[in-house]
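To start, the structure itself, in structure tokens.
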Amino acid sequence: MDAGQMKSLRETFRDMTPDEMREASREAEIDSTTKNDAPIEYLTPTEFFRRMRVKRTTLQKFGFKEESGLWTYSAPIAGGALVCTVTVDASGAVKETTTDAATGDEYVQHRVAGASGKFVGRVRCEIMALMKRMADSCFERDVFKTDLARGIIAFAESEWDEKPEFLWKNFPDYAVLRRRDTNKWYALVARLTADKVGGNRKDIVEAVNLRRTDSMDGPRFLPAYHMNKKTWTTIVLDGTVDAEELQKLLKESRKLATK
């Protein structure tokens, strides 16, 4: 496995099933002995769980134990040689600690960028497989920060039981809302730099693209970012259009998503 393949493996960890990760681990054990191979990189919990928030009601079912507000889960890895412990604190911060099962000493080689070899490759893959299972079972997407963006998504789910879809690995801050009956989009919610929606700075803003209607007139409604400007418009979610009006416009946009 060359350096490019290793990089590709790292970038696709989030989309892999635990079985696929175990297979990747076996492949890493075989190939990482090649002298010039690049080691598999370790993703810290901060990196891995970025854009996610914990669903506390699911932790106990997964196997976490709670004490004084700290949730802890431990599992043997590397054939029982090590124990991986993951904690989630009251703020939702996730921490991983791996220790030697026999001595209790902390094992840190998987975090060392230049460390390579069969064992460390296996440890990295098994830790990330564990975090992948936790992400699937105990966490949910937490991309958007403004009340207006979150309100759009919550309204679509409560009104039509339609949830955001994050379709693009290279654009993880873009989410699509689509009708379940026609499979057509009616909204694109995104975090992006202000200069992409008419601003002059690189500040991060949140915006929504909606299907254009006759009521969308004036400076609050911008030419659609990255979509057909004749049939779509962009609204920056900065309060110039309030939550009540956004819900109305969302309904109108959804009505147009029929063909």
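The values are calculated or read from the model by the stated rules, or taken from the named source; none is laboratory data. Everything quoted here is computed from the prediction, not taken from an experiment. Virtual Cβ from ideal backbone geometry, glycine too; neighbours counted across all protein chains shown.
Structure summary
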{"quantity": "Residues located in the stretch 192-230, provided they are within 13 Å of GLU252 (Cβ to Cβ), in contact (Cβ under 8 Å) with a residue 24 or more places away in the chain and not hydrophobic (A, V, I, L, M, F, W, C)", "calculated": "ARG211, THR213, SER215"}
{"quantity": "Failed item, numbered, when GLU140 is tested on (1) at pLDDT below 95; (2) in a strand (DSSP E or B); (3) under 15 Å from LEU43 (Cα atoms)", "calculated": "(3)"}
{"quantity": "Filter result (closer than 14 Å to PHE48 by Cα and without any contact (Cβ under 8 Å) to a residue 60 or more places away in the chain) within the stretch 133-168", "calculated": "ASP136"}
{"quantity": "Which numbered condition THR213 fails, given (1) closer than 27 Å to ARG50 by Cα; (2) in contact with a helix residue (DSSP H, G or I) (Cβ under 6 Å, 6 or more places away or on another chain)", "calculated": "(1)"}
{"quantity": "Strands (runs of 3 or more DSSP E) contained in the stretch 49-132 and holding at least 2 residues over 30 Å from ARG150 (Cβ atoms) and touching a residue at least 40 places away in the same chain (Cβ under 8 Å)", "calculated": "70-77, 82-88"}
{"quantity": "Test: residue in the stretch 199-211 that is out of contact with any strand residue (DSSP E or B) (no Cβ under 8 Å at 6 or more places or on another chain) and at pLDDT below 85", "calculated": "yes"}
{"quantity": "When residues of the stretch 221-257 are limited to those that are surrounded by 13 or more Cβ atoms within 10 Å (Cβ to Cβ) and of a type in the set (Gly, Ala, Ser), the one farthest from ASP147 (Cα to Cα)", "calculated": "ALA257"}
{"quantity": "Unique match (being among the hydrophobic types (A, V, I, L, M, F, W, C) and over 30 Å from GLU165 (Cα atoms)) among PHE139, PHE119, PHE144", "calculated": "PHE119"}
{"quantity": "Total residues in the stretch 143-166, condition among the basic types (Lys, Arg) and outside any helix (DSSP H, G or I)", "calculated": "2"}
{"quantity": "Members of the stretch 110-127 that are modelled with pLDDT under 95 and either closer than 13 Å to THR85 by Cβ or of a type in the set (S, T, N, Q) (or both)", "calculated": "SER116"}
{"quantity": "Candidates ARG180, ARG254 - the one that is assigned to a helix (DSSP H, G or I) and at pLDDT 85 or above", "calculated": "ARG254"}
{"quantity": "The listed residue being among the polar types (S, T, N, Q) and over 16 Å from PRO45 (Cα atoms), out of THR99, THR87", "calculated": "THR99"}
{"quantity": "Matching residues in the stretch 212-251 - criterion: being modelled with pLDDT under 90 and either outside any loop (DSSP other than H, G, I, E, B) or at positive phi (or both)", "calculated": "GLY218, LEU222, PRO223, HIS226"}
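Quick grid of which residues meet (1) surrounded by 14 or more Cβ atoms within 10 Å (Cβ to Cβ); (2) more than 30 Å from THR240 (Cβ to Cβ); (3) among the hydrophobic types (A, V, I, L, M, F, W, C); (4) in contact with a helix residue (DSSP H, G or I) (Cβ under 8 Å, 6 or more places away or on another chain):
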site: ALA78; (1), (2), (3), (4): yes, yes, yes, yes
site: GLU96; (1), (2), (3), (4): yes, yes, no, yes
site: THR146; (1), (2), (3), (4): yes, no, no, no
site: GLY151; (1), (2), (3), (4): yes, no, no, yes
site: GLU165; (1), (2), (3), (4): no, no, no, no
